[in-house]
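Shown next, in C-alpha cells, is the structure this report addresses.
Bear in mind these aren't lab numbers, they're just calculated from the coordinates by the rules spelled out. Not measured: the values here are computed from a predicted model. Heads up, the Cβs are rebuilt from the backbone with ideal geometry, glycines too, and the neighbour counts pull from every protein chain shown.
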Amino acid sequence: MDMSKVVVYTKPNCMQCNFTKKFLEDNAISFEMFDVTEDHIALDRVKELGFQSLPVVVAEGVAPFFGFRPDILEQLA
C-alpha cells in the first residue's frame, strides 16, 4: 500500500477538520488521519510543530498549516 503524503491531525466535532477532510476526499487526495484526542503521539507532534488549533495538515511541498485552507489544499490536488 502506498504511504499517504498528506497527514491530517484532527479531533471530533471540529467543523474545520470536517471541511478539510471533505475537501481532500472530494479531490481524491489520499490522506492519513490522526485523532489527537485518542493518539497522544499525534498530539505531541502537533505541539512540536507549534500549533494549538486544529486541523493541522502536513504535506509534501507545502509548509504545515492549521485550519480549513482551500487555497493551500488546492496545491495538493
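The criterion of being among the charged types (D, E, K, R) and either crowded, with 16+ Cβ neighbours inside 10 Å or in contact with a Gly (Cβ under 8 Å, 6 or more places away or on another chain) (or both) does not hold for Lys47.
Per the listing Phe23, Phe34, Phe19, Phe68, the residue uniquely touching a residue at least 24 places away in the same chain (Cβ under 8 Å) and either of a type in the set (Ser, Thr, Tyr) or assigned to a loop (DSSP other than H, G, I, E, B) (or both) is Phe68. Filtering Ala59, Ala42 for residues that are in contact (Cβ under 8 Å) with a residue 12 or more places away in the chain, surrounded by 13 or more Cβ atoms within 10 Å (Cβ to Cβ) and touching an Asp or Glu at 6+ places or on another chain (Cβ under 8 Å) leaves a single hit, Ala42.
Of the residues in the stretch 1-36, how many are surrounded by 12 or more Cβ atoms within 10 Å (Cβ to Cβ) and over 21 Å from Ala77 (Cα atoms)? Matching residues across the stretch 1-36 total 4.
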